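The values are calculated or read from the model by the stated rules, or taken from the named source; none is laboratory data. Keep in mind that this is a model prediction, so the values were computed, not measured. Note that each Cβ is placed from the backbone with ideal geometry, even for glycine, and that neighbours are counted across all protein chains shown.
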C-alpha cells in the first residue's frame, strides 16, 4: 500500500507545460521537433510568437518552464526576463539567443 500518494497505477504522469517564446517559425519548429525526438510525451508546448503573446498566455495559464528568445519584434533584451519572472515567479526562464556574447550569458543567469 502506498502512503502519501494520490496517483493510481494506471494514471499517466503529468505532462510538463513549456512556453516557447520565439518569433522565428523555423527556430520554433526545430526546437519542437528536437523535443519530440527526445521526450515528446513529457511536454505540452505552447508557442508564443511575441512578448505580448507570452504575457497573455502567462496570465491565462501556469507553465513549468519558459524558453525565451532575447530578440523579439515587440521586446528585446534581459528586461523581458524580469517581467516574466514577475508574472510567474516560480517558473524558471531559460534564455535562448544566437549571439555569441559571454557577458550577455552571465547577465542572463544573474537575472
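Need a quick list: helices (runs of 4 or more DSSP H) entirely within segment 27-111 having at least 3 residues that are modelled with pLDDT under 85. Outline the logic, then answer.
Numbers: elements: 51-60, 79-87, 102-110.
Per the criteria, 102-110.
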Filter result (surrounded by fewer than 18 Cβ atoms within 10 Å (Cβ to Cβ), farther than 8 Å from residue 19 by Cβ and under 13 Å from the mean Cα position of the chain (by Cα)) within segment 56-72: 61, 62, 64
